[in-house]
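Colleague: Pasting a structure here, questions to come.
The values are calculated or read from the model by the stated rules, or taken from the named source; none is laboratory data. Quick caveat, the model's predicted, so the values are computed rather than measured. Neighbour counts are summed over all protein chains in view; Cβ atoms, including those assigned to glycine, are modelled from backbone coordinates with ideal geometry. Ligands, DNA and RNA are stripped out before the accessible areas are found, and what is left, the full protein with its side chains, is counted by its heavy atoms. Shrake-Rupley method; radii C 1.70, N 1.55, O 1.52, S 1.80 Å.
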Amino acid sequence: MARSKSKITKRYEPDSRYGHVLIGRFINKVMLNGKKTIAERIVHRSLEAAAKKLGKEPTEVFDTVVRNVAPSVQLKARRVGGSNLQVPTEVSNDRRTVIALKWLVQAARGIKGKPMQDRLTQELLDAYNNTGNAVRKKEETHRMAEANQAFAHFSKF
C-alpha cells in the first residue's frame with residue numbers, strides 16, 4: 001500500500017509594519033496585478049483609521065474582525081440520487097481565515113463610489129461591530145447550513 005503524501009504547509013510572510021502574518025495574508029488578498037505596495041498602503045491606512053475610530057490597536061481590531069467574519073460551517077455541493085444537495089461541513093481553522101479574508105475583500109469591493117481605503121475602513125468597522133456585508137454573508141451561510149442539516153449525514157469530506 002502506498003504511503004500518502006505529507007501535507008506541505010505554506011509559510012506566509014508577516015506584515016512589514018505590524019509583523020502580523022494574518023495582515024500579510026490580507027494584503028495579498030487585497031493586491032491586484034502584483035501591486036503590493038499599493039495594497040499595503042490601502043490596508044495599513046484603513047487599519048489605522050479603523051483603530052483610531054475605535055480607540056484600539058490595529059492588530060487587535062483586525063483579529064476581532066476576522067473572528068467575527070469567520071464561519072464555523074460551510075456548504076459543499078454533493079450529488080446524491082440525481083439531485084444536488086448542499087451538505088453542511090465543519091470548517092478547519094485555516095480554511096476559516098481564508099474564507100473570512102476573502103469575504104472582507106469582496107464586501108469592500110462591493111461598495112461603490114469611494115476609494116478602496118475608505119471602503120475597507122467602513123467594512124472593517126462594520127465587521128468589528130458585527131454588522132456589514134461580510135458578517136451578513138457568514139450569517140446567511142450559517143442559516144443555509146442549519147436549513148440543510150438533514151443532509152449532514154451525506155458528508156464524506
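Colleague: Any idea which of ALA134, ALA70 is surrounded by 18 or more Cβ atoms within 10 Å (Cβ to Cβ), within 14 Å of PHE26 (Cα to Cα) and either in contact (Cβ under 8 Å) with a residue 60 or more places away in the chain or not acidic (Asp, Glu) (or both)?
Modeller: It is ALA70.
Colleague: Here's another thing I want to ask about it. Identify, please: which residue in the range 87-98 is outside any helix (DSSP H, G or I) and β-branched (Val, Ile, Thr) and is, among those, surrounded by the most Cβ atoms within 10 Å (Cβ to Cβ)?
Modeller: That would be VAL87.
Colleague: Has the range 6-15 got at least one residue that is assigned to a loop (DSSP other than H, G, I, E, B), modelled with pLDDT under 95 and either open to solvent by less than 40 Å² (accessible area, probe 1.4 Å) or under 18 Å from ASN130 (Cβ atoms) (or both)?
Modeller: Scanning the range 6-15, I find at least one residue that is assigned to a loop (DSSP other than H, G, I, E, B), modelled with pLDDT under 95 and either open to solvent by less than 40 Å² (accessible area, probe 1.4 Å) or under 18 Å from ASN130 (Cβ atoms) (or both), so the answer is yes.
Colleague: Show the residue pairs meeting these rules: Cβ distance below 9 Å; 6+ apart or different chains; first residue within the range 1-29 and farther than 19 Å from TRP103 by Cα; second residue outside any loop (DSSP other than H, G, I, E, B) and open to solvent by 60 Å² or more (accessible area, probe 1.4 Å).
Modeller: Every condition considered, the pairs that remain are THR9/ASP94; TYR12/VAL21; TYR12/ASN28; GLU13/VAL21; GLU13/ASN28; PRO14/VAL21; ASP15/VAL21.
Colleague: Restricting to the range 99-116, and then to whatever is without any contact (Cβ under 8 Å) to a residue 12 or more places away in the chain and of a type outside the set (Gly, Ala, Ser), can you tell me which residue is nearest to PRO71 (Cα to Cα)?
Modeller: Step by step, filter the range 99-116, then rank; the result is ARG109.
Colleague: Based on this model, can you work out whether ALA49 counts as assigned to a helix (DSSP H, G or I), crowded, with 19+ Cβ neighbours inside 10 Å and of a type outside the set (Ser, Thr, Tyr)? Spell out the reasoning first.
Modeller: Details: assigned to a helix (DSSP H, G or I): yes; crowded, with 19+ Cβ neighbours inside 10 Å: no; of a type outside the set (Ser, Thr, Tyr): yes.
Considered against the rule, which asks whether it is assigned to a helix (DSSP H, G or I), crowded, with 19+ Cβ neighbours inside 10 Å and of a type outside the set (Ser, Thr, Tyr), ALA49 comes out as no.
Colleague: Continuing with this model, one more query. Of the residues GLY55, GLY82, which single one is over 30 Å from ASP118 (Cβ atoms) and either without any contact (Cβ under 8 Å) to a residue 24 or more places away in the chain or small (Gly, Ala, Ser) (or both)?
Modeller: GLY82
Colleague: If you don't mind, there's one more thing I want to ask. Could you figure out which of (1) open to solvent by 70 Å² or more (accessible area, probe 1.4 Å); (2) modelled with pLDDT of 95 or more isn't true of LEU101?
Modeller: Of everything listed in (1) open to solvent by 70 Å² or more (accessible area, probe 1.4 Å); (2) modelled with pLDDT of 95 or more, LEU101 misses just condition (1).
Colleague: Something else: Residues VAL43, VAL21, VAL65: which one is closer than 23 Å to ARG95 by Cα, among the β-branched types (Val, Ile, Thr) and open to solvent by 30 Å² or more (accessible area, probe 1.4 Å)?
Modeller: Working: VAL43 fails: open to solvent by 30 Å² or more (accessible area, probe 1.4 Å); VAL65 fails: open to solvent by 30 Å² or more (accessible area, probe 1.4 Å).
Criteria check complete, one pass: VAL21.
Colleague: Related question: Take the residues in the range 30-40 that are open to solvent by less than 90 Å² (accessible area, probe 1.4 Å) and aliphatic (A, V, I, L, M), then tell me which one is nearest to VAL98 (Cα to Cα).
Modeller: It comes out as VAL30.
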